[in-house]
1. In the chain, if the dipole is taken from +1 on Lys/Arg beta carbons and -1 on Asp/Glu beta carbons about the Cα centre, which of L59, C115, S153 is farthest to the positive end?
2. Rounded to the nearest 20 Debye, what is the dipole magnitude of the chain about its Cα centre when Lys and Arg each give +1 and Asp and Glu each give -1 at the C-beta?
3. Only helical DSSP H runs with n ≥ 4 go in: add -39500 (n - 2.57) per run for the chain, normalise by residue count and round the 222 nm mean residue ellipticity to 500 deg cm²/dmol.
4. So which of K145/K193; K54/K85; K26/K134; K26/K116; K146/K172; K29/K116 end up more than 19 Å apart, counting from Cα to Cα?
5. Dipole size in debye (nearest 20) for the range 18-87 around its Cα centre, Lys and Arg Cβ +1, Asp and Glu Cβ -1?
6. Cα to Cα, under 20 Å, and not fewer than 8 places away if on the same chain: which aspartates and glutamates meet these conditions relative to K191?
7. Computing the accessible area with a 1.4 Å probe over protein heavy atoms, can you report the carbon and sulfur percentage for the chain?
8. Taking the Cα centre of each part, how many Å lie between the range 181-195 and the range 27-101?
Amino acid sequence: MVVQKFSENFWSPDFTSTVGFDALVKKNKDGKTSSKEIEYFIKERAKIEDEYAKSLLKLSKASLGSTESGSLKDVLTSLRNNVEKLSYLHQDLSQILLDQVDRVHAERDKFSSQCKVVEESVKRLQGIKKDLHKQTIASSISYQKKSEAYEVSIQACNAERAQAQSIGNPPKALRELEKLEAKSLKCKDEKIKADDIYKGLVRQLEVTRASWETEMETMCDTFQQVENDRILFFRNELWALTNFDSKTLFDQDQVNEEARLVITKCDPDSDIQEFIHVHQTGSVRPAQILYEDFDAKGGRSTIRPTLPHVQRPAAPPPTSASTFFTDNGTHATVKDDEMLDPTYSSIG
């Protein structure tokens with residue numbers, strides 16, 4: 001692609017036109033506006049990252065998994081720790097973006113100062129050129145009028161002289177001729193003076209025009225170079241901005257990978273078995289409560305106490321005598337035939 005130059009495309013045949021200058025100034029102004037917008041965008045992005053980092057850090061202090069146990073508690077603890085690490089990543093990104101804002105601001109000021117000097121120089125010369133052009137046009141008109149007046153005065157003298165000669169140059173005619181010649185001489189002097197002023201203004205205007213043209217060309221080259229540098233600068237900075245995001249995302253994935261490794265060790269069976277081992281209360285269940293008819297039992301309670309179902313040992317074989325504890329704590333042995341005697345008492 002053929003690269004064209006500002007210095008070849010921002011002129012006008014109109015001597016006092018400033019359309020090229022105005023177009024370049026507007027382009028430069030638009031560049032400043034765009035630079036401010038980019039600076040604001042990155043600054044706000046840094047602010048958002050900072051607020052997000054603070055929110056994550058606050059969240060990392062919240063209770064999580066306080067009633068859990070086992071491998072799921074490890075997962076939740078890891079997740080909370082990871083949120084804290086993520087907050088630091090976003091805090092670092094916020095500071096990186098703030099540093100980028102400082103660079104953008106510094107470059108914006110540099111671009112502005114580079115254009116300001118040459119812009120003001122061209123603007124000043126344009127004002128001088130315009131004023132001189134106006135004076136030159138007025139001087140040209142004045143010179144033209146003075147020249148025409150001088151030509152008229154010469155014609156009047158020639159006509160008067162011819163008439164005087166035709167009547168023998170009487171004194172009155174000669175005096176009138178002298179007046180016309182004096183007026184013609186005055187017109188000649190005014191013409192010469194107007195001519196000198198006109199020539200001087202033309203020379204001065206040309207010097208100013210040449211100076212303006214040189215400064216305008218310098219301005220074109222400067223503005224094009226600044227615009228080129230500005231675009232390259234922001235292209236590189238915005239590329240860096242996306243890289244900052246990519247690095248943060250990569251670091252976030254590394255942090256999340258740590259959490260994923262812990263999550264892979266989460267086992268519901270082991271958590272359940274651990275809970276049983278630590279908190280078990282027993283394996284015996286309550287026995288069934290049976291219904292008993294109160295009337296059929298002659299007024300006895302129909303509710304049996306609930307007792308655990310226990311395997312009882314077999315009853316011992318009957319013996320010929322039974323042993324009892326007496327009221328005073330001694331043993332007494334009663335034979336079977338004595339137990340059958342209603343008159344027998346073990347208490348002597």
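1. About the Cα centre, the residue reaching furthest to the positive side is S153.
2. It comes to approximately 3020 debye.
3. Rounded to the nearest 500, it is -26500 deg cm²/dmol.
4. Check vs 19 Å cut-off fails for K26/K134; K146/K172.
5. Computed charge dipole of the range 18-87: roughly 180 debye.
6. E148, E151, E178, E181
7. The computed percentage sits at 57.
8. Using only Cα atoms, the two centres lie 87 Å from each other.
The values are calculated or read from the model by the stated rules, or taken from the named source; none is laboratory data. Remember, it's a predicted structure, so these values are computed and weren't measured experimentally. Please note: Cβ atoms are built from the backbone with ideal geometry, for glycine as well, and neighbour counts cover all protein chains shown. We work out accessible area using only protein heavy atoms, side chains counted, and drop any ligands, DNA or RNA first. Shrake-Rupley method; radii C 1.70, N 1.55, O 1.52, S 1.80 Å.
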